[in-house]
Amino acid sequence: MGFGEKQARDALSKFDNDLQQALNFLITNPSDIDPELEEAVKLSLQEPQPSELMMQQDIEMNKAIIESMKGFGLDPIQYEPLNPESCKRKNGMPVGLKNIGNTCYFNSLIQFYFMIPKLVFEILTFECHPSHALQLPPLDNSKKLEYSRKKASISLVQELQKLMSFMVCSSRKYIDPSKVLNSLVDEFAKEIRVGDQKDVGEFHLILVARIEEGLQTRFEIQENDGKNNIKPVEKQSSPQRKESMNFIGHQISDDSIILPLFNAKQVEYLRIPSTGQELRNEVVFGQIILDVEEKDLYSAWDSSYHCKIDDYYINESTITAEQEIWPQKFPGVLLFQIQRVKYDKISQNSIKIHKKFTFPEEIFTDRFLLKNMNLCRELRTQMLILKNQARKIECQLESFTNYHGSEVSVEKMLRSCIKFLERQENASAMNQDETLTCDNALLENIDLTESKQILNAYKKKVRNSIKEMEKQLERIYENIGDLYNRPELRENKYKLHSILVHDGYAGSGHYYAYVHDIEGNKWRKYSDLIITDVSFDTVITDSIGGNALASAYCLLYVKEDILAKDQLPYWDFDIESMNNTIYYKQIPTVIQKEIQEDNKKLEDEIANFQVSQVFSKIQGLHESRVDEIGRIYSNSNNKIEEIRLALINFPFHLKVSIASSNDLFKKFILDMCVKEITGKNIESFAFTDPLFVKLRNTYGSLVTITKLDKDYIEKERKVFIKNYFDAKICVTLMQYLTCDRFEDVFKGILFHVAEHDNNFSDYARFIKECAKALTLRLTTEAFKLFINGDHEGMCRVSTIIGHLIGEILESSDIICKAAIKRLETLRDEFKNSRSPLFPTYEPFFKKLFADISTYSVIAQVDLTTIPDEIEFIKAELVAFDSDSWFLGNKADDIAVSYVKIKEIRDKHIIKEWFLLAENISRTRQTAEKLFRDVEKSTLVITRN
């Protein structure tokens, strides 16, 4: 599927072994990997080849994973992400290919083929001659094999045509290539088994041969003689065929269509030194095998074309022969297969060699062409001399950098020795101190200075020698390069186009490809259905080997003129502009229509999935809220609980409302949930909208809110908002009272009266009780200020009392009479005290009582401002959204705080003035003694 075992393990761990979630995560989040974990894995992989036991453990692990998937009811091959949105192709990115069972090598080749315009052009414009569809199976057995193979080849090209068309303009992130693979047969018309680890080069040659055979039928006319025997094949010329022969300047022979892209002829010379005999043979080749031990491409290429053949069999005996290969020309696409797998006689297993193998971004083939044979033989002689010099220096360098195969450099060994001697010196110094002991002083009482100097000198000499050898090697390889840096040897330029990488061991692992996009001038990594943009540095680092288990297996170079740009782009992965490409314009109309239908199908799947996701969220939200209300409501059994419930939120208010039907609060919650998730009310949806249809089918009448329902909801909404904020003010006033913030209480009461005139609710009654208790408490405060000599404070408090009597309390209320009587007592005590200040304040008392009688007392308080807490409540009221869900049922929420308001009051001395107000109202007595008893018991005023 395009991800390794390590990623699979990490994903399973991330989702607590939930296999389905892990697979979705791997498919939709290819880059979500912890960098530290990735680095740790890379380091852990830098180890020798696995033993047979380790390889067997890997096989067992894979089997266990597959069995685990089956246990969850998942097909490990046909698994698809549950979310169709994750199947949608990202704009600007190519289409991936699904791995249908160890077919990553095939997927990598197809992605490479897709970037070869000539090949894709021939496939997209292919149309088999109609006579092939009418042809009957031959009766002649000798013809049946050819007939079956050709039929399969036609099917292969047709399926490739459809696959590549979908790769051009499908909206899907990846597509299934299984029909292409099912159409592939070998030379004997036998189906090629899918799923085995294949040799990529061999598979490529088979695939190209079958494509060529299928394409050839475009111009073949088949006739039947009436006895199911085929008459000789007749070729039909075609103007369109001639156009394709000169596609972007690349000449194609009359006998083939795409073979010159991948195959060419070479001359093989075989010399037998013992006899002086030379044999010449002309063969077709399609790939070049490179030995990884040669370290770089040009060296391996040269070695491949000039080699000795031991045990060559001739005239019933075996001899040693020398072979030279000189291609007459090279194909448009060069496929180099790096031979990394070898048989290990000791372990009796095939092993993969992970050594570093370098290759350039561009190459020239001229030094290997037959026409340059004489020149290049001379140059090769000089090159071999230089190579021999380089090899001697490399051996010397190896003795320094890899001492006796220990993979430890001499310089590192010397450095370690020097550090050891330094530690010995430190240990000896510690032993000379009687308070310290050290058991590591092996060379105690020995002068190590001279030894360190010798070792440092050797270390410096080794370092200088290594640098000098590296410079010599650099000069030699520059000279080798200069040998071939001639105009006549730089005519045929090929550019690195694609790299097939194998990550794993011999016989197991994963293939992926790096392919260069000439239109976007960028490299991408193709790992089955996962495609990512990568830098060229990443491509090279991941491909050259010598690091972990990944390394290039095939290098594909393309001749420069084959990739020449046209007026229109060949492809464009931008959805808006892909129609204006050469590839798109070659797609048959019938396939274009099929792709459009499939894209529409995907969009419908996504839309239906999105509707299902939205509906699931709405359903879950609605159920949880209705259940929450039901659970809390079922535990309420008294009036106080109902008050609390009605303040939790508006849906709770609807639930406890006497006039509310049993379902109205459910309707409101459903509409609330729909709006939260979609941003729209239910009534905003069309009757045909898929989400509305799903809601209606599930909830029935709950989706319909009648005008009567709306009117009732609006009426109750106003009640709820008023009650909610009245409760907040009540709680705030009680907090003020318990903190002796009497002026703030007074302002809060005035604010509430101004906002809710003629209000007879429970909250208004409680605020009236607060006003009565405050009035009586302020009379005590006025006496306290008088006793303490704060006559101005006494006057200010007295005006507040007068304001409360005139504006808040009813004149007939006994509390008013009790408060006025207390103020009269205060005046009389002031007067009887014979204080020289009384005459100064006597006019104040006259005016106060006169204004009280006319209800016109103005409190000596700044009434233009209100307390911060009340100001906050006022602002909150403006912005309050009763349609939003909040579960105000926590300890500090208003629903809980309000029902505990008396409990808060009873824990404070303010309780006594509430009780005093109740006592006066009940007994209609206003005796001064009642006040004096409260003041004495609460210690607010201490009198003699």
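The values are calculated or read from the model by the stated rules, or taken from the named source; none is laboratory data. Everything numeric in this text was worked out from a predicted model, so none of it was measured. No Cβ is skipped: glycine too gets one built from the backbone with ideal geometry, and neighbour counts run over all protein chains shown. Protein only, heavy atoms only, side chains kept; ligands, DNA and RNA dropped before computing areas. Shrake-Rupley method; radii C 1.70, N 1.55, O 1.52, S 1.80 Å.
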Can you list the HN-Hα couplings for the range 114-122, worked out from phi with the Karplus curve (6.51, -1.76, 1.60; θ = phi - 60°), rounded to whole Hz and with x for Gly and Pro?
4, 9, 9, x, 4, 5, 5, 4, 5
Summarise the accessible area of the range 491-564 (1.4 Å probe, protein heavy atoms) by the percent that is carbon and sulfur.
44 percent
Among the listed pairs Lys144/Lys329; Lys666/Lys707; Lys356/Lys471; Lys371/Lys392, those beyond 28 Å (Cα-Cα):
Lys144/Lys329; Lys371/Lys392
If you count only protein heavy atoms and use a 1.4 Å probe, how large is the accessible surface of Asp528, to the nearest 10 Å²?
10 Å²
Let me make sure I get this right: for the range 641-692, a, b and c are the square roots of the gyration tensor eigenvalues over alpha carbons, sorted descending. Under 1.5 in a/c it's rounded, otherwise prolate if a/b > b/c, else oblate. Which is it?
prolate
Accessible-area order (highest first, 1.4 angstrom probe) of the listed residues Lys308, Lys710
Lys308, Lys710
The range 701-802 - Rg over Rh from alpha carbon coordinates, Kirkwood radius:
1.23
Probe 1.4 Å, all protein chains present, accessible-area order of His756, His204, largest first
His756, His204
If you count only protein heavy atoms with a 1.4 Å probe, what accessible area per residue comes out for the range 584-643, rounded to a whole Å²?
61 Å²
Binned at 10 Å starting from 0, the alpha-carbon pair-distance distribution of the range 754-825 in whole percents comes out as 20, 49, 24, 7, 0
Under unit Cβ charges (Lys, Arg +1; Asp, Glu -1), what dipole magnitude, rounded to 20 debye, does the range 604-725 have relative to its Cα centre?
420 debye
From Cα pairs below 8 angstrom and at least 6 apart in sequence, can you work out the relative contact order of the range 604-725, rounded to a whole percent?
27 percent
Please work out the Kirkwood hydrodynamic radius for the range 344-412, using every pair of different C-alpha atoms, and report it in angstroms with one decimal place.
16.1 Å
Keeping all protein chains in the complex and leaving out DNA, RNA and ligands, what accessible area do you get for Val861 with a 1.4 Å probe, in Å² to the nearest 10?
20 Å²
Report, by chain and number, residues whose modeled amide H sits under 5 Å from the one on Asp291, excluding near sequence neighbours (fewer than 5 apart, same chain).
Gln339
Packing-based ranking, highest mean first, of 475-483, 296-304 given that Cβ atoms within 10 Å are counted:
296-304, 475-483
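Hey, if we sort His497, His908 by accessible area with the 1.4 Å probe, largest down, what's the order?
His908, His497
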Apportionment of accessible area to carbon and sulfur, the range 604-725, percent (1.4 Å)
53 percent
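Between rounded, prolate and oblate, where does the range 604-725 land on the alpha carbon gyration tensor, with a ≥ b ≥ c its root eigenvalues, rounded for a/c under 1.5, else prolate if a/b exceeds b/c?
Judged from the Cα gyration tensor, the range 604-725 comes out prolate (a/c at least 1.5, a/b above b/c).
Apply the Kirkwood formula to the range 747-870: the hydrodynamic radius equals the inverse of the mean of 1/r over all pairs of different alpha-carbon atoms; give it in Å with one decimal.
Over the range 747-870, the inverse of the mean reciprocal pair distance is 15.1 Å.
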Using amide H atoms built in the peptide plane, which far-off residues or other-chain residues are under 5 Å from Ser350 H to H?
Asp344
Can you give the accessible area of Arg765, probe radius 1.4 Å, in Å² rounded to 10?
120 Å²
